[in-house]
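Computed from the coordinates by the stated procedures, all read-outs in this text should not be read as laboratory data. This is a predicted model, so every value here is computed, not measured. FYI the Cβ positions are ideal-geometry reconstructions off the backbone, even for glycines, and counts take in every protein chain you see.
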Amino acid sequence: MESLKKEKLEFREIPAPYKDDSEERVYGLFKEDGTKIGESRFTSSRFKDAWYLRDICTLPEFERQGYGSKLLELTCSKMWSIEKKDIVLSVPGNTIAEDGFDRYQWYKNHGFTGPRDFMTRKPCAFLNLNYLCDLFT
């Protein structure tokens, strides 16, 4: 994980794959050479009172190396830089991968709370989001 901190990565908005949801935002995490590591998708809730984290994924060759954690934190920071409101997981952490990776525990380790089928994360009012983004980029 130490080498990940020194690695230059780019987190940027990319075109949404589906045109039916104009409010969806998609962000990618890329290596310095342009290699895509993963992406996240989020949108505001129907009532605009929360963010929905629809997806967060890394390509298989980048799994279990810390990139997913970096992508999650950058995505949460991006949502909160737009508006500070709760984040709700659209796809809850209710599965365990074949290799034993527990999504529920992973989300809990990143500040999400609640039962497996309805996890949320509250914005931290005391965080300086620019400082947080600097830590991960």
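Structure summary
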item	result
Sorted by Cβ density within 10 Å, fewest first, the residues 41, 103	103, 41
Under the Karplus curve 6.51 cos²θ - 1.76 cosθ + 1.60, θ = phi - 60°, whole-Hz ³J(HN,Hα) for segment 71-82, x wherever Gly or Pro sits	4, 4, 5, 5, 5, 4, 4, 5, 4, 6, 6, 7
For residue 44, distant residues with modelled amide H under 5 Å away	52
Linear extension gain, residue 99 paired with residue 116, 0.36 nm per residue minus alpha-carbon span	4.2 nm
Equivalent ellipsoid dimensions for segment 51-111 as semi-axes, Å, which come from the Cα gyration tensor, largest first	21, 14, 9
Above-threshold pairs, the threshold being 25 Å between Cα atoms, out of 6/84; 31/85; 78/122; 36/85	6/84; 31/85; 36/85
Förster radius 25 Å - calculated FRET efficiency between residue 49 and residue 108 (Cβ-Cβ, nearest 0.05)	0.65
